[in-house]
Every structure is written in structure tokens, then in C-alpha cells.
Amino acid sequence: MLVTAVLLGVCVVIMLGIPIAVALGLVAIGTMVATAGPELLVIFIQRTYAGTTSFPLLAIPFFVLAGNLMNVGGTTERIFGVAQLCIGRIRGGLAHVNVVGSVIFAGMSGSAIADAAGMGVIEHRAMTKAGYTGRFAATITAVSATIGPIIPPSIPFVIYGSLANVSVGALFMAGVVPGLLMAVSLMAVIAVAAKWMNLPRGEGMPPLPVAARIVRTALPALALPPAILLVILTGFATPTEAAVVAAAYAFVLGRFVYGELSWSDTVAVLWESARQTAQVMFIIALAAPFGWVLVQQQIPNAVLTALLTLSSEPWMILLIINVALLVLGMFIEGIALMIIAFPVLLPITVQLGIDPVHFGVILVLNLMIGLVTPPVGLCLYVVAGIAKISIGEITREIWPYVLALIGVLMLITYVPGLSLWLPHALGYGVTR
């Protein structure tokens, strides 16, 4: 009865339009008072404070800042130029460039929204100028942005690692192969669409001096992703310290190397980064007592018992979890859904013998698909604003790409080695 009341309470307050962080806090307070009286409110305060004191969470503001600095400081334009040089000449080339650019940018920011808002402006403008329809350009921009939080670094992986007490470095490495598979699957659909829709071909190879200049100016930006991974892998820096380096490097690039980041731009970026970080941390803070309530009331065990009545097979339970997350992701913002679902689902998957790192990849990939599914897909709203078209126009184009991403999700879910082999090979202590 209590399980139903708690979960129903969350749904009701969300449907009332109450912000997700406040909703979680209200449900936690209500459950504490109803089960043990007002004296438990001291624990609410303690858990709220403790929820924000994890060291890995310090990476969030710096990765957010790095992404915003690169968008304003000219780094994204250089990334797009190199991607266009590599693959832009084939039929549908700029659509492929869109995906490749997102893969490169993913190695710097770790945020799908930063990709859609920053790279998206450049990508959409270039595609429409070359003859692509606005809704097709917006569709590719939205779906390619979902790669950002899978390929390291990744803000959702930082949050999950902090909540689950799992190595953030292991999660970063576990996201490499799934992220590349996402890119390949999207490019495969684009290749089919290029023939079916007779998409434009890109321009020919520019003169060698021009190509050399494009590569030369982009090299400082392209050095950042391998540098981040290298300092983490060698143990020279933690993911949190690497985030600080990434933000400082992005500032130096924009201000002193490319000369496109003014001091007024810097102030605006700092303010916007602080606002974005505050939104995420507010949710994390109030989700901590909510998670404590779920554990104390043994709600994960109750949910597991209910799932086992449907099937005792781990593969079927994973399928049910994936379907549930995909449906919920259509209505609840990604980070909020992670924090709501995590305390319920992680104990279940651990009891089923599923590696927490593997489950982290499954969870985050589900959330990324939610970013491009209506009615609440945030990436859809970002690119619709850039393209000045309706969400409905993008929705009509997006389903083949969503199905491709779901195909990757199923592959990652049932072939755990795809996400775990790289962490194992690099010596991270993950278990099957």
C-alpha cells in the first residue's frame, strides 16, 4: 500500500506542474511524517545536505562551463570544419558531418543540450544553406546530440557514479563503444535516407592550403578529448580534476587562441553555467532524501517482487525496465528520471547479477532517447527553436532515427561486453 502511495504521490505532484525537485522533496517529507512523525525531518535536512557533498559532483559545473565556453569561444565552428573536411563530400554529407561533429564535441562537454544549442546552430545553418529541408536538418541535429552524454566525458555518468558509488572513470570508458555504435547506427539511417530522399552532395575537396588551415586551426580544440581521457586513464587526474582542466583549456582557446571570447561573453557564460548547474544540483539535493525514503520503506524489494511475478528471467526484467524507462522518458526530463528511477532499479539489477557500470550505460542511453521523443524531449525544443519550426514537424521525421537508437539500446542491454570490455581492459574493477 505504501509503495503505491509513494509512487502515486510522485506522479500526482509532477502532473500538477510542480517542479520535479520540489515534488521529490514534498513526497519525501510527506512519507517521513506519515510513517514516523515530524522528528524525521532532521534526517530530511541531513540527507539533503549530504546529497550535494560528493566529490565527483564537482565535475558538473566545470563540464557545463567547458561546453558553454566552447560554444561561445569559436571551438564548435572549428570542430564542424574538420568534420566537414573528413566526410562532407558524399551524398548526404552534411548530415553525416552533423553526427561526426557531435561525436567530437561529445569528447569535450558531456551534455546533449550543449551540443544541440551550440553545434546545432552551426550544423542547422550549414545544412539548410546546402539545400536540406529545415525539419530534416533539425532532426539530425537533435538525434546526434544524444551521443554527447554517452561518449566521455558525461555529466549523467558523473551523477550516476556519485549516486551509485561507482567509478566515474569506469563509466566514462564504458560509454565509448556504445557512443560510437550510436553514431554508426545514425549514419546508417542517414545513408539510406540520402538515396531515398536524394539528399545533396557536399562540395569537393578544398585546395590543400585551405584544408591545411582548417586542420591547423582546429588542432588545439581536437587535442582536448584525448587529453581528458589520457589524464583520467593514467591516474594523473580524477574526472573532477579533468573537468577543471577542460574548462580552463576551453577558456584559453576562446580568449587567447581564437580571440572570439570577450570578457563580457565570459561573464555571461559564467552566469549561464551557474544557472544550469544550480538546476541540476537542486534536483540532486532533494532527490537524496527521496531515495532514502524509498530504501527505508523497502520499495525496491517490493518492485522486484512484482517484477518476478511477471518473469524470473533477467532478460525479460531488463526488457520491462527498458520499456518503462523509454515511456517515462517521454514525459520526465532525463536527470530527474535518473534520480527517481535509480534507487528503485539499481538494487533490482544488482540482485539479478547485472554489473552497476553496465546498468549505468543502459540507464543513461534510455534517458538520451527520451531527449528526442515527444512530448517532453528537451533536444526537440532546443532545435525547434533554432530552426524556427514546430515540434510536430521534427516528430514526423525523427522515428527512424529513434528506432536505430533503440536498436543500439537493445544490443548494449543484452551484450554487456560491448560496454564492459574497455573498462576491464584498462584495469577498472568492474564485475560481471
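The values are calculated or read from the model by the stated rules, or taken from the named source; none is laboratory data. Remember, predicted model here, so these are calculated numbers, not experimental data. Please note: Cβ atoms are built from the backbone with ideal geometry, for glycine as well, and neighbour counts cover all protein chains shown.
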Next item on the list: Please specify each residue of segment 98-150 satisfying the condition of being surrounded by fewer than 24 Cβ atoms within 10 Å (Cβ to Cβ), polar (S, T, N, Q) and either part of a helix (DSSP H, G or I) or in contact with a strand residue (DSSP E or B) (Cβ under 7 Å, 6 or more places away or on another chain) (or both).
Entry: Thr128
Next item on the list: Could you figure out which of (1) among the hydroxyl-bearing types (Ser, Thr, Tyr); (2) more than 18 Å from the chain's Cα centre (by Cα); (3) buried (at least 20 other Cβ atoms within 10 Å of the Cβ) isn't true of Ser419?
Entry: (2)
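Conditions (1) among the hydrophobic types (A, V, I, L, M, F, W, C); (2) within 21 Å of Phe55 (Cβ to Cβ), marked per residue:
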| position | (1), (2) |
| --- | --- |
| Val176 | yes, no |
| Val189 | yes, no |
| Met205 | yes, no |
| Pro225 | no, no |
| Ile228 | yes, yes |
| Ser262 | no, no |
Next item on the list: Could you tell me which of the residues Val376, Val350, Val372 is crowded, with 20+ Cβ neighbours inside 10 Å and in contact with a helix residue (DSSP H, G or I) (Cβ under 9 Å, 6 or more places away or on another chain)?
Entry: Val372
Margin query: Suppose we filter segment 165-189 for residues that are of a type in the set (A, V, I, L, M, F, W, C) and touching a Leu at 6+ places or on another chain (Cβ under 8 Å); how many remain?
Written below: 8
Check: Given the structure, is Leu294 in contact with a helix residue (DSSP H, G or I) (Cβ under 6 Å, 6 or more places away or on another chain), modelled with pLDDT of 80 or more, buried (at least 20 other Cβ atoms within 10 Å of the Cβ) and of a type in the set (A, V, I, L, M)?
Finding: no
Next item on the list: Could you grab me the full set of residues in segment 151-167 that are buried (at least 24 other Cβ atoms within 10 Å of the Cβ) and within 14 Å of Ile60 (Cα to Cα)?
Entry: Pro152, Pro153, Ser154, Ile155, Pro156, Phe157, Val158, Ile159, Tyr160, Gly161
Next item on the list: Could you check, for segment 225-235, whether at least one of its residues is touching a Pro at 6+ places or on another chain (Cβ under 7 Å), more than 16 Å from Phe105 (Cβ to Cβ) and either surrounded by 17 or more Cβ atoms within 10 Å (Cβ to Cβ) or without any contact (Cβ under 8 Å) to a residue 12 or more places away in the chain (or both)?
Entry: yes
Checklist line | Answer from Leu8, Leu85, Leu69 - the residue that is under 30 Å from Val245 (Cβ atoms), part of a helix (DSSP H, G or I), among the aliphatic types (A, V, I, L, M) and at pLDDT below 85 | finding: Leu85
Item checked: Leading residue by the ranking (nearest to the chain's Cα centre (by Cα)) among those in segment 238-276 that are crowded, with 17+ Cβ neighbours inside 10 Å and assigned to a loop (DSSP other than H, G, I, E, B) -> Thr238
Notebook entry, point to check: All but one of (1) buried (at least 20 other Cβ atoms within 10 Å of the Cβ); (2) closer than 30 Å to Ala288 by Cβ hold for Leu58; which doesn't?
Noted result: (1)
Margin query: Would you confirm, using the coordinates I've provided, whether Val158 is touching a residue at least 24 places away in the same chain (Cβ under 8 Å), β-branched (Val, Ile, Thr) and within 30 Å of Ala425 (Cα to Cα)?
Written below: yes
Check: Is there any pair with a first residue in segment 35-64 that is closer than 19 Å to Pro156 by Cα and a second that is of a type outside the set (S, T, N, Q) and outside any helix (DSSP H, G or I) whose Cβ atoms are under 7 Å apart and which are 6 or more apart or on different chains, and what are they?
Finding: Phe63/Gly110; Phe63/Pro153
Check: Any chance segment 93-103 includes a residue that's over 24 Å from the mean Cα position of the chain (by Cα) and closer than 30 Å to Ala116 by Cα?
Finding: yes
Check: Applying the selection to segment 25-41, what residues are in a helix (DSSP H, G or I) and either more than 14 Å from Gly291 (Cα to Cα) or at pLDDT below 80 (or both)?
Finding: Val33, Ala34, Thr35, Ala36, Pro38, Glu39, Leu40, Leu41
Checklist line | Checking Ser312 against (1) more than 21 Å from the chain's Cα centre (by Cα); (2) in a helix (DSSP H, G or I); (3) over 25 Å from Val168 (Cα atoms), the condition it does not meet | finding: (2)
Next item on the list: Using the structure shown, decide if Ile317 is under 25 Å from Pro416 (Cα atoms), touching a helix residue (DSSP H, G or I) at 6+ places or on another chain (Cβ under 6 Å), touching a residue at least 24 places away in the same chain (Cβ under 8 Å) and not small (Gly, Ala, Ser).
Entry: yes
Next item on the list: Looking for whichever is more than 24 Å from Ala23 (Cα to Cα) and β-branched (Val, Ile, Thr) here; the options are Val267, Val327, Val280, Val295. Which one fits?
Entry: Val267
